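Worksheet: the structure to be examined is printed underneath.
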Amino acid sequence: MQAPDFSLSGKTALITGSTQGLGFEIARAYAASGACVIINGRSQDRVMQAVRRIEEEGGRAEPLVHDVGNLAEQERIFGQLCSRAGAPDILVNNVGIRLRKSLADSTLQEMQDLIHVDLLAAMHLSRLAAQRMARQGLAGRIVTLTSIADRVARPGDAIYAVAKHGLAGLVKALAVEYGPRGITSNGIAPGTFATESNVQLAGDPVQGPRVLGRNPLERWAQPHEITGAAVFLASPAASYVNGHILVVDGGFSIAF
Ligand SMILES: NC(=O)c1ccc[n+]([C@@H]2O[C@H](COP(=O)([O-])OP(=O)(O)OC[C@H]3O[C@@H](n4cnc5c(N)ncnc54)[C@H](OP(=O)(O)O)[C@@H]3O)[C@@H](O)[C@H]2O)c1
């Protein structure tokens, strides 16, 4: 009996939005597992800083400075990336922006902007990546960061939940469309992680304690606690896992 294979050796992984937070932690873990990681963000400085940090840790990393919301440029930029660094075996759809507003308070423009970046950009990039993986006969892996808001909703956080419910649909749509080509699609639904983007929520005198009080583990997750799920879903060990969304929330969403 051989131990399950969690190695990403020889693989190339594109992680969108990987200059900080969960995306950066996933990139670090993939690099430590043997993959060459493509670091993405909108700022050249921040992308290069993340690339250097991974290289300092002994990993291999390539930069991709690109706003994923720029759909008009996405196909050209993805094509250039494939020529330069090879087609990614693994795509992690990680970019997710937030709008902490109720439906009533959100403007049409705000709704469009969030759906555009969080949902449409991931759909467009996933299609490009899956087509390329299929053409090249890669055992491709697509991992999409949803949220526990892909199944529940919180007052004052309406459009984000709509986008994340949509991403849960994307996980499944990709799984059935590209499964026959040997490409799997899965999701990760994080709960409350102590990343830069949650500083405000954690410090809120009402929401902060409310979040902690509902969590059976009674604490926020540290960003690196996302990496076990992310490496598993991208690895040979998950070869028969397809269309699944792995919840990493300390039990938050099953408690009431
Ligand atoms: N943190 C949590 O507790 C939590 C909980 C549930 C779900 N999630 C989901 O997990 C994912 C990561 O969350 P996070 O908290 O780690 O995010 P974050 O700290 O806000 O980081 C977002 C990353 O995305 C990049 N980015 C933002 N917009 C971009 C764009 N248009 N094009 C390219 N890159 C872009 C940012 O880089 P630049 O600013 O350098 O461009 C940054 O690297 C999101 O999908 C989020 O919804 C997080």
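Where a number appears in this text, it was derived from the coordinates with a stated rule and is not lab data. No experiment lies behind these values; they were computed from the predicted model shown. All Cβ positions, glycine included, derive from the backbone under ideal geometry; neighbour counts span all protein chains shown.
What to note about this one:
- Charge dipole magnitude, Cβ of K and R +1, D and E -1 - region 12-254, Cα centre, debye nearest 20: 380
- For peptides 37-43, 93-99, sequence by mean Cβ density within 10 Å, most packed first: 37-43, 93-99
- For residue 123, the shell of other residues with beta-carbons less than 14 Å away shows a net charge of 0, using +1 for Lys and Arg and -1 for Asp and Glu.
- Considering only 168, 85, 31, the mean-square fluctuation computed in a Gaussian network model of the chain, springs between alpha carbons under 10 angstrom, is largest for 85.
- Ordered by the number of other Cβ atoms lying within 10 Å of each residue's own Cβ, fewest first, 199, 47, 241 fall into the sequence 199, 241, 47.
- Built amide H within the under 5 Å cut-off of residue 15, gap 5+: 38, 40, 92
- From the largest down, region 175-256 spans 50, 26, 20 angstrom on the principal axes of its Cα atoms.
- Here the Karplus relation 6.51 cos²θ - 1.76 cosθ + 1.60, evaluated at θ = phi - 60°, turns the backbone of region 111-126 into coupling constants of 4, 4, 4, 5, 5, 4, 7, 6, 10, 5, 5, 5, 4, 5, 5, 4 Hz, with x for every Gly and Pro.
- Each of 255, 221, 192 was placed along the dipole of the chain (beta-carbon charges, centred on the mean Cα), and the one lying farthest toward the positive end is 255.
- Per-residue Karplus couplings for region 65-80, computed as 6.51 cos²θ - 1.76 cosθ + 1.60 with θ equal to phi - 60°, are listed in order as 7, 6, 7, 4, x, 7, 5, 4, 9, 4, 5, 5, 5, 5, x, 4 Hz, Gly and Pro entered as x.
- Dipole-positive endmost among 82, 161, 59 within region 12-254 (Cβ charges, Cα centre): 82
- Calculated FRET efficiency for the pair residue 67/residue 181, C-beta based, R₀ 22 Å, to 0.05: 0.15
- Sorted by Cβ neighbour density within 10 Å, fewest at the top, the residues 36, 82: 82, 36
- Debye intensity ratio in log₁₀ form over the Cα atoms of the chain, taken at each q of 0.17 Å⁻¹: -1.39
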